[in-house]
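Report on the structure given below.
The values are calculated or read from the model by the stated rules, or taken from the named source; none is laboratory data. Owing to the predicted nature of the structure, the values given are computational and were not obtained by experimental measurement. When we count neighbours, we look across all protein chains shown, and the Cβ atoms used for this are built from the backbone with ideal geometry, even at glycine.
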Amino acid sequence: MRIILFGPPGVGKGTQAQRLAEKFNLVRLSTGDLLREEISLSSPVGRKVEQFLRKGHLVPDDIMLDIIENILLENKERDILFDGFPRNLNQAHSLERSLAQMQQEIDIAFEMHLDEDEIVKRLVNRRYCPRCERIYNLSTNPPKNDCVCDQDGAKLVTRDDDTAEVIKKRLKIYEDETRPLVSYYKSLNIYKQIDARGNQDEISDRISEIVNAYLNSKCTSN
Ligand code: ADP
């Protein structure tokens, strides 16, 4: 199974991706986390992409496609959840070509939807564990102890790109570059919109229900 999860920054995509991957035993491929890891290691790729992330711009497609290609090859036999990829039509077409070479295709493309005011509110309160990548929200999902991760005690940080100015830019880039994926995946009949209001359990249930229905329909048609 290959699932895509996309949506504007701050919609809660990372949290839902972690849950979905765990529940259905999927390899979670988060391009944002991968890029942040390269940056923290100061690798050649990390040095190349650092400025793009800091400014809220998309990383050039050729760099992204190289990264994805390698991961697809490493995980040929596994079910995959794409979190944050593709982010434009060019990446979507390339992903399809790469999967087709392995006789694979995308099963479901989820878009998480939320009003812009709510998105900005969530992003401003977002904190992130640099060690285990767990995501918190100071108002809706705070850590037990002030500013440290419940799981490993690491000091929580604010992402460099979660500032008001960069958030606005990322939202605009989402509208211009990523939103066209909606009509594209609708045309392939694999598009599902998820209402991203409510608490995390409610949102997970909405997503899981669709995945379960899809799996059942596959069982009965085989
Ligand atoms: P968010 O969805 O909140 O923007 P992510 O962690 O998914 O957060 O991505 C953070 C940043 O990483 C993006 O703003 C962009 O600079 C870069 N990035 C992640 N995935 C891609 C991609 N598929 N193509 C280009 N840039 C990407």
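Summary table below
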| read-out | value |
| --- | --- |
| Qualifying residue in the stretch 17-25 (condition: modelled with pLDDT of 95 or more, away from the ligand (no atom under 15 Å from the Cβ), surrounded by 16 or more Cβ atoms within 10 Å (Cβ to Cβ) and over 15 Å from the mean Cα position of the chain (by Cα)) | yes |
| Selected residue [under 15 Å from the mean Cα position of the chain (by Cα), over 23 Å from Lys186 (Cα atoms) and either without any contact (Cβ under 8 Å) to a residue 60 or more places away in the chain or within 12 Å of the ligand (Cβ to nearest atom) (or both)] from Asp83, Asp33, Asp62 | Asp33 |
| Residue that is assigned to a helix (DSSP H, G or I), over 19 Å from Leu123 (Cα atoms) and more than 16 Å from the ligand (Cβ to nearest atom), where the choices are Lys186, Lys192 | Lys186 |
| Number of the exception - Ser98 against (1) in a helix (DSSP H, G or I); (2) within 12 Å of the ligand (Cβ to nearest atom) | (2) |
| Val11 vs. criteria aliphatic (A, V, I, L, M), near the ligand (Cβ under 8 Å from one of its atoms), within 24 Å of Thr140 (Cα to Cα) and outside any strand (DSSP E or B) | yes |
| Residues located in the stretch 56-95, provided they are of a type in the set (Asp, Glu), in a helix (DSSP H, G or I) and more than 19 Å from Arg36 (Cβ to Cβ) | Asp62, Glu69, Glu74 |
| Residues (over 15 Å from Arg159 (Cβ atoms) and either surrounded by fewer than 17 Cβ atoms within 10 Å (Cβ to Cβ) or of a type in the set (Phe, Trp, Tyr) (or both)) located in the stretch 33-45 | Leu41, Ser42, Ser43, Pro44 |
